[in-house]
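Worksheet for the structure shown next.
The values are calculated or read from the model by the stated rules, or taken from the named source; none is laboratory data. Worth saying up front: this structure is predicted, and the values here are computed from it rather than measured. Note: areas computed on protein heavy atoms with side chains; ligands, DNA, RNA excluded. Shrake-Rupley method; radii C 1.70, N 1.55, O 1.52, S 1.80 Å.
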Amino acid sequence: MAAVREICGSLMSLSKLQHASPSQLPFLRTMTSKIFVKGLAFSTTEDKLAEAFSQYGKVLKADIVLNRAKTRSKGFGYVTFAKEEDAQKAQIGMNRKILHGRVLYVDMEPPDKHKKSISEGATDS
């Protein structure tokens, strides 16, 4: 119980968040929010993606998923914000907006391939 109090106390202090121990990292991960972005142009870089979304809050990381064989963008990626509220604002603000000549589709969660294949199989019966 003392460990829980210690972690909660350190989460309340911003200065302690910057010097978190490895045991506190699972709690810190819940404080960030990752959004899924599809419809990216092949010319969009991670830096350009982060710059485009930074108007909604602090972007911690922007990742573009690459095709291994061709080492070019698959047309989708992820943007991680420091605050969940910023991610929600970005999802609303950037969804169906044009970036580098392509319409973006932004969601809080990526589509689940497993659920899609199950539902498609159910309609075929």
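Details
- Accessible-area rank, largest first, for E46, E109: E109, E46, with all protein chains present and a 1.4 angstrom probe.
- Our analysis of the range 49-97 gives Rg over Rh at 1.04, with the two radii drawn from alpha carbon positions and Rh computed by the Kirkwood formula.
- Accessible solvent surface per residue of the range 51-106, calculated while the other protein chains remain in place, 1.4 angstrom probe, Å²: 65
- Solvent-accessible area of the range 30-93 (1.4 angstrom probe, protein heavy atoms only): carbon and sulfur portion equals 49 percent.
- The range 75-96-the range 46-65 distance, computed between alpha-carbon centres (Å): 9
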